[in-house]
Amino acid sequence: MDYIPFLSGGVSFNPRTDIPSSALHGKTILVTGGNAGLGKQSILEFVRQPAASLPSRIWLCSRSLERAQSAIDDISAAVQSSGVNPDFDASSIIKPLELDLTSFDSIKSAARTVLAESDRLDILMLNAGIMAAATGVTAEGYEIQFGTNHVGHALLTKLLLPLLLKTARSAKGNDLPQPADGTPTAPPDVRVVVLSSEGHRLPPLLGINFATLKSDQSSMLTWQRYGQSKLANILFGKQLAAHYPEELTVVALHPGAVNTQLFHPFRNSGWIGWAVTGFLKFFLSTVEDGAKNQVWAATAPREQVQSEGKGKCAYFLPVGKRVGESGWAKDEELASKLWQWTEGELEGQEVDA
């Protein structure tokens, strides 16, 4: 089912018919959390396209190569059964990539593989995340939700940034394969799609508690910890766009309330969580609908997603509905502080040349 503008306030978007042929053709894409939920569905939509419009490579990231390969097999079967390409073999385009966002070593290993095997990166989709998780810390000691949702993605972006910039600065996209249907090759359009959440409106009083980020922050509510991580996603996107206004189009978004594995920790947190999620499932959208906003952000004409102009990162609700983010998310001083803090924390984290 399409999202209908007069019901949702957004745009009508069907990935099977509304993705321009030039939006994906010949491009290289990386999706974190690509083995399940919204990430897996996004990759399916990217390859459930006519043969002349397909990307050249998609990196499907997962903490487990086994789960990544299982997702690739599922995607192959789904494309074949759709009738778009009965002989489609997803493994010819989609490559599994082991990535654990809670471990700097894993992130560097994944980035090293991409940099060694890909000569371009057109779309970086920061999709993976956790929500309402139990207290804990990452391998480097960061609060588990902040470390996964923000710090891990920030390090991955830092390590892949040279490839993103190289792609953006290529000569009018003439290094992309010529489309089979004869349409002109599009100029470079490099995007970073950041999945945030309306949960960014639930941070602690100070927005982000920098002083205790290297702890489990057990004195905070789990939703506050989640809220500050999702707030960080938007602030990071805004700073990334501001630092590279000519090269990158950065989009932040809320996918909607979607019935994915993201709810599992909350559901398993006790009888209250079980009861609440049991009730909410009647109001949650399907994964197929839930992925539309991020697929739209990755493929819609640039002037639509870059509605605030160059160097700005707009925030969208499903699908393509521009809304005002929270006051903290508009705080330029907090955004700059987060950028500087993140740069400091990631200093010295590099991959071998």
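Out of the residues in the stretch 103-122 meeting the condition of being aliphatic (A, V, I, L, M), in a helix (DSSP H, G or I) and within 23 Å of V250 (Cα to Cα), tell me which one is farthest from the chain's Cα centre (by Cα). So the residue we want is L115. Of all residues in the stretch 208-224, those that are assigned to a helix (DSSP H, G or I) have Cβ atoms under 6 Å from Cβ atoms of residues that are open to solvent by 80 Å² or more (accessible area, probe 1.4 Å), 6 or more apart or on another chain, in W223/L202.
When the stretch 105-133 is filtered for residues that are open to solvent by 10 Å² or more (accessible area, probe 1.4 Å) and among the acidic types (D, E), the ones remaining, listed by number, are D105, E117, D119. Here G273, G278, G324 are screened, and the one residue that is modelled with pLDDT under 95, closer than 21 Å to G227 by Cα and outside any loop (DSSP other than H, G, I, E, B) is G273.
With the condition kept exactly as written, say whether any residue in the stretch 339-351 is modelled with pLDDT of 95 or more and among the hydroxyl-bearing types (S, T, Y). Among the residues of the stretch 339-351, at least one is modelled with pLDDT of 95 or more and among the hydroxyl-bearing types (S, T, Y), which makes the answer yes. Once the stretch 322-331 is narrowed to residues that are more than 15 Å from V194 (Cα to Cα) and touching a residue at least 24 places away in the same chain (Cβ under 8 Å), the residue that is least open to solvent (accessible area, probe 1.4 Å) is S326.
For the stretch 134-157, the set of residues classified as in contact (Cβ under 8 Å) with a residue 60 or more places away in the chain, hydrophobic (A, V, I, L, M, F, W, C), over 17 Å from I208 (Cβ atoms) and open to solvent by 10 Å² or more (accessible area, probe 1.4 Å) consists of A134 only. Scanning the stretch 63-70 turns up no residue that is under 20 Å from the mean Cα position of the chain (by Cα), under 21 Å from R120 (Cα atoms) and in a loop (DSSP other than H, G, I, E, B). Restricting attention to the stretch 189-208 and to residues that are surrounded by fewer than 24 Cβ atoms within 10 Å (Cβ to Cβ) and under 13 Å from Q145 (Cα atoms), the residue that is farthest from the chain's Cα centre (by Cα) turns out to be I208. Considering (1) among the polar types (S, T, N, Q); (2) open to solvent by less than 30 Å² (accessible area, probe 1.4 Å); (3) in a helix (DSSP H, G or I), the lone condition that Q49 does not fulfil carries the number (3). Residue-level check: of (1) buried (at least 17 other Cβ atoms within 10 Å of the Cβ); (2) within 26 Å of S22 (Cα to Cα), T102 misses just (2).
The values are calculated or read from the model by the stated rules, or taken from the named source; none is laboratory data. Owing to the predicted nature of the structure, the values given are computational and were not obtained by experimental measurement. Here Cβ is always computed from backbone atoms with ideal geometry, including for glycine, and neighbour counts include all displayed protein chains. Note: accessible area is taken over every heavy atom of the protein model, side chains too, but ligands, DNA and RNA are not part of it. Shrake-Rupley method; radii C 1.70, N 1.55, O 1.52, S 1.80 Å.
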